Amino acid sequence: MAQKQFREVIREAIREEMERDENVFIMGEEVAEYNGAYKATQGLLDQFGDKRVLDTPISELGFAGLGVGAAMNGLRPIVEFMTFNFALVGVDQIINNAAKIRYMSGGQVKIPIVFRGPNASAGQLGATHSTSFESFYAHFPGLITIHPSEPYDAKGLLKAAIRDDNPVIFLESEQMYGWKQEVPDEEYLLPIGKAKVKREGKDVTVVADGKMYHVAKKAAEELAKDGVEVELIDPRTIKPFDMKTVIESVKKTNRCVVVDESHPFGGVAAEVGFQIQRDAFDYLDAPVQRVTIPDVPAPFSRKLFDAWIPGPKQVIDAVNTVTYRK
Amino acid sequence: MSNTDKASITSRTASITKATDLPKPTRKTHKGLNISEEQLLELYESMYLQRRFEERSMQMYQKGKFGGFLHLYIGQEAVSTGSGFALNQDDDFITAYRDHGHGLVKGITPNEAMAELFGKKDGCSRGKGGSMHYFKPEKHFWGGHGIVGAHLPLAAGIAFANKYQENDRVTICFFGDGAVDQGALNESFNLAQLWKLPVIYVVENNGYSMGTAVHRHSAGKLADRAYPYGMKYDVVNGMDLFSVIDKVSEVAERVRETKEPYFLEVVTYRYRGHSMSDPANYRTKEELEEYKKIDPIERLKTYILDKKLASEKDLEAINEKVEEVVLEAVEFAENSDFPDEKELYQDVYADDDFPYLT
């Protein structure tokens with residue numbers, strides 16, 4: 001096994017699937033000649049040519065919709081957004097067309113398409129470039145939403161996403177493209193909709209997705225020094241959400257903190273918290289707590305930004321609350 | 001209505017193409033267009049079917065047989081019919097929410113079409129789409145789309161897939177004059193021309209985007225929207241079946257050969273309001289009457305009779321047959337079951353066992 005960067009495994013997953021199925025193609029801003037704004041598509045143009053690796057104009061509505069039409073008519077497009085912040089100008093194509101046409105047609109039209117690209121905050125980029133969309137996309141029936149935190153999961157899940165017959169939102173992270181993990185050289189796929197217990201513990205369940213998984217992991221390491229054993233669950237897929245794994249864990253630990261980079265209202269943390277109170281109410285020794293982005297847009301100034309983005313401290317505070325340590 | 005009101009309506013509608021000012025119809029005869037006499041009667045039947053289907057739909061709607069929106073195509077039938085005739089059966093159609101005519105032309109049966117309006121399980125979208133969302137992909141009919149302009153990129157994508165698969169099919173995408181103002185049109189035109197996609201974009205300019213006359217919603221001429229993209233374009237008389245057949249045939253041949261898009265402005269007129277709730281107070285009765293004088297079905301009928309290609313009696317027989325088909329469709333729709341409640345959770349995802357949140 002070799003250490004591989006997030007961007008490398010994204011590229012490998014796309015390459016392997018394009019080699020496997022000639023109906024798979026990729027398009028997006030700067031994916032071809034520029035080799036990808038974040039180099040996730042480096043070398044693909046050379047290998048597959050400009051029929052299957054296409055630079056688009058800055059025209060998210062146009063190329064997102066073009067991808068949906070191509071998927072309706074037999075192809076399996078991968079649409080890269082330079083960031084999901086830019087996808088907002090084309091979101092009608094995702095929500096009204098990609099997600100609903102199968103249903104509106106009574107199941108006659110299949111739309112196997114993957115929309116992928118960086119999601120969420122990547123530092124001081126200001127309010128328009130910092131939104132995390134996992135809760136937003138998971139809200140809409142018809143879409144699968146995947147939000148991996150590590151290269152190993154990302155590769156297996158992206159390959160599964162490309163082979164899936166549903167429209168898939170695959171959320172990466174600009175900040176994590178350089179992060180590394182041991183990833184097998186041989187081919188593997190991972191099941192969509194399965195969470196993973198990444199650290200076992202008996203004292204408190206912490207559920208954290210995407211970049212927040214790493215924040216929670218750091219918090220868990222700190223807490224361990226203090227004798228608090230966190231059970232850390234990475235949902236990996238947001239829709240469908242593997243609630244079973246979470247409920248089982250909560251029944252063991254009796255306490256839960258949900259960490260998510262969405263805003264609080266109607267977000268992943270709100271949903272997971274609701275499900276736990278309904279399905280594991282009698283097992284809870286404390287109200288479920290959440291750590292999210294606050295209910296305000298991303299600020300620019302470093303000082304304000306640091307107050308805005310959740311860090312290990314907030315997770316530790318929340319764990320202390322549910323364990324009544326403070 | 002006061003004189004002032006009348007005057008203001010006249011001034012506001014003054015820039016709609018007058019019925020008398022439509023582009024000149026083609027001079028070609030049916031023979032010149034390679035339409036056999038048999039086909040000519042089929043075309044008449046198709047147009048008459050679309051009209052009677054919708055008139056019955058309207059009646060059923062008013063009787064409260066079904067709810068939702070109902071946008072009628074009456075007056076514009078030459079566009080769907082002529083395009084269907086000019087193109088191959090496996091060419092791809094996609095349109096907006098005024099979709100009954102196009103759907104029937106592409107092979108949705110009147111029974112399936114009516115059952116869909118009634119929200120029944122035998123409808124062309126299994127009762128899940130309704131009037132605005134007819135689908136029949138096996139016949140290359142890709143919907144029925146409810147958001148103005150949102151299906152234009154889909155058409156580019158359908159054409160992209162055809163070119164990618166090198167199958168020689170042409171895509172035709174219909175939309176109303178209101179869609180011309182959407183960003184989706186401009187993004188689609190740019191991509192279609194840039195990537196040389198075999199798609200024909202057709203604006204059915206019926207004079208009004210809902211209640212707003214074309215000169216009040218669109219700067220410049222509609223057809224000119226193609227110009228900055230270097231896309232070929234033309235304007236055609238949409239009240240004349242032969243003109244539509246003539247132009248769409250020519251355009252289709254060109255698009256199939258060059259794999260480049262084309263923009264066609266078809267000038268037409270809708271007789272009814274935007275939807276059932278619209279009394280169409282924004283236009284004059286005189287304007288409507290002017291257009292009814294050049295009704296596409298009457299025009300074809302007159303042609304057939306003048307050329308003695310069929311008798312009054314022959315056409316009457318076709319009308320009666322259509323009448324029966326439509327009444328049968330109503331009966332079929334009434335007798336069809338509503339979808340089972342478990343259908344609510346089907347066809348959202350490809351998986352039958354998707355774990356929906358509750």
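Segment B:D337..B:Q165, full-extension length gain: 58.0 nm, with 0.36 nm per residue of separation and the alpha-carbon distance subtracted. Only Lys, Arg, Asp and Glu carry charge here, each on its Cβ (+1 for the first two, -1 for the last two); on that basis chain B has a dipole of about 1280 debye about its Cα centre. For A:R290, the amide hydrogen comes within under 5 Å of the amide hydrogens of A:V258, counting only partners 5 or more places away or on other chains and with H modelled in the peptide plane. In this calculation the C-beta distance from B:K31 to B:E324 is compared with R0 = 35 Å, giving a FRET efficiency of 0.65. Taking one quarter of the surface of the C-alpha convex hull of region B:224-346 gives a mean projected area of 14.0 nm². When only alpha carbons of region A:196-322 are considered, Rg and Dmax amount to 13.8, 44 Å. Stokes-Einstein, applied to the Kirkwood radius of region A:212-287 over Cα pairs at a viscosity of 1.002 mPa s and 20 °C, places its translational diffusion at 163 µm² s⁻¹. Gap in Å between the Cα centre of region B:260-276 and the Cα centre of region B:62-91? Each part's Cα centre sits 11 Å from the other's. Classify region B:163-253 as rounded, prolate or oblate, taking a ≥ b ≥ c as the square roots of the eigenvalues of its Cα gyration tensor: rounded when a/c is under 1.5, otherwise prolate if a/b is larger than b/c and oblate if not. The shape class here is oblate.
For region A:2-183, a simple Cβ point-charge model (Lys and Arg +1, Asp and Glu -1, everything else neutral) yields a dipole of about 360 debye relative to the Cα centre.
At 37 °C and 0.692 mPa s, grab the translational diffusion coefficient of region A:2-183 from Stokes-Einstein with a Kirkwood Rh over Cα pairs, rounded to a whole number in µm² per second.
The Stokes-Einstein estimate is 204 µm²/s.
Along the axis of the charge dipole computed for chain B (Cβ charges of +1 for Lys and Arg, -1 for Asp and Glu, origin at the Cα centre), the listed residues B:L72, B:L33, B:A156 are led at the positive end by B:L33. Overall shape: oblate for region B:108-225, with the ratio a/c of the largest to smallest alpha carbon gyration tensor axis at 1.5 or above and b/c at least equal to a/b. Using Cβ point charges alone (K and R +1, D and E -1), the dipole size of chain A about the Cα centre works out to roughly 620 debye. In chain B, helical runs assigned H by DSSP with n ≥ 4 each contribute -39500 (n - 2.57); averaged across all residues and rounded to the nearest 500, the mean residue ellipticity at 222 nm is -13500 deg cm²/dmol.
The distance from the alpha carbon centre of region A:75-143 to that of region A:188-220 is 24 Å, rounded to a whole number. Where Rh is the Kirkwood radius over the Cα pairs of chain A, the temperature 20 °C and the viscosity 1.002 mPa s, what D in µm²/s does Stokes-Einstein return? Approximately 107 µm²/s, per Stokes-Einstein. If you take the charge dipole of region A:2-183 about its Cα centre, with +1 on Lys and Arg Cβ and -1 on Asp and Glu Cβ, which of A:L54, A:I10, A:T145 is farthest toward its positive end? The listed residue farthest towards the positive side: A:T145. Once divided by 2.2 N^0.38 Å, the Cα radius of gyration of region A:156-195 becomes 1.31.
Scalar couplings 3J(HN,Hα) for region B:332-339, obtained by applying the Karplus form with A = 6.51, B = -1.76, C = 1.60 to θ = phi - 60°, are 4, 5, 4, 7, 5, 7, 5, x Hz; x denotes Gly and Pro. GNM on chain A, alpha-carbon springs under 10 angstrom: the most fluctuating residue among A:F115, A:F25, A:F48 is A:F48. Selection among A:T83, A:Y283, A:G201 by position relative to the dipole of chain A gives A:Y283 as farthest towards the positive end (Cβ unit charges, Cα centre).
A cut-off of 5 Å between modelled amide H atoms, ignoring neighbours fewer than 5 places along the same chain, links A:T145 with A:I169, A:I238, A:K239. A simple rule links phi to the HN-Hα coupling: the Karplus curve 6.51 cos²θ - 1.76 cosθ + 1.60 with θ = phi - 60°, which for region A:197-211 gives 7, 9, 8, 8, x, 10, 8, 7, 8, 10, 9, 8, 10, x, 4 Hz, with x for Gly and Pro. Computed from backbone phi, the HN-Hα couplings of region B:218-228 come to 10, 7, x, 8, 4, 4, 5, 4, 6, 4, x Hz, rounded to whole numbers (Karplus: 6.51 cos²θ - 1.76 cosθ + 1.60, θ = phi - 60°; Gly and Pro given as x). Using 1/(1 + (r/R0)^6) with R0 = 56 angstrom and r between the beta carbons of B:K293 and A:R20, what's the FRET efficiency to the nearest 0.05? For R0 = 56 Å, the calculated efficiency reads 0.35. Against the main long axis of the alpha-carbon atoms of chain A, helix A:268-279 sits at an angle near 60°.
For chain A, modelled as a GNM whose springs connect Cα atoms under 10 angstrom apart, the maximal fluctuation among A:T128, A:T237, A:T56 occurs at A:T128. Select from region B:299-358 those trypsin sites (Lys or Arg not before Pro) which occupy a DSSP coil region and have at most 12 other Cβ atoms within 10 Å, ordered by residue number. Those satisfying the criteria are B:K308. Within region B:70-168, the ratio Rg/Rh, alpha carbon atoms throughout and Rh by Kirkwood, equals 0.97.
Each residue of region A:194-251 gets 55 Å³ once the volume of the Cα convex hull is shared out per residue.
Remark: spin-label model distance A:D285-A:E30 equals 5.0 nm, labels positioned 7 Å along the Cα→Cβ axis. Calculated on the Cα set of the protein assembly as shown, radius of gyration then Dmax: 28.6, 99 Å. Restricting the calculation to Cα atoms, region B:148-210 shows an Rg/Rh of 1.00 when the hydrodynamic-style radius is the Kirkwood one. Computed over the alpha carbons of region A:143-210, Rg followed by Dmax gives 13.1, 40 Å. Annotation for region A:1-95: trypsin sites (Lys or Arg not before Pro) lying in DSSP loop with at most 15 further Cβ atoms inside 10 Å of their Cβ are A:K51. As a calculated quantity, the FRET efficiency between B:E286 and A:R302 at R0 = 60 Å, using C-beta atoms, amounts to about 0.30.
Can you give the Rg to Rh ratio for chain B, taking only C-alpha atoms and Rh from Kirkwood? Rg/Rh: 0.97. Taking each DSSP H run with n ≥ 4 as -39500 (n - 2.57) and averaging over every residue of chain A yields -10000 deg cm²/dmol at 222 nm.
Here, each number is a calculation from the coordinates, and none is a lab measurement. Keep in mind that this is a model prediction, so the values were computed, not measured. FYI the Cβ positions are ideal-geometry reconstructions off the backbone, even for glycines, and counts take in every protein chain you see.
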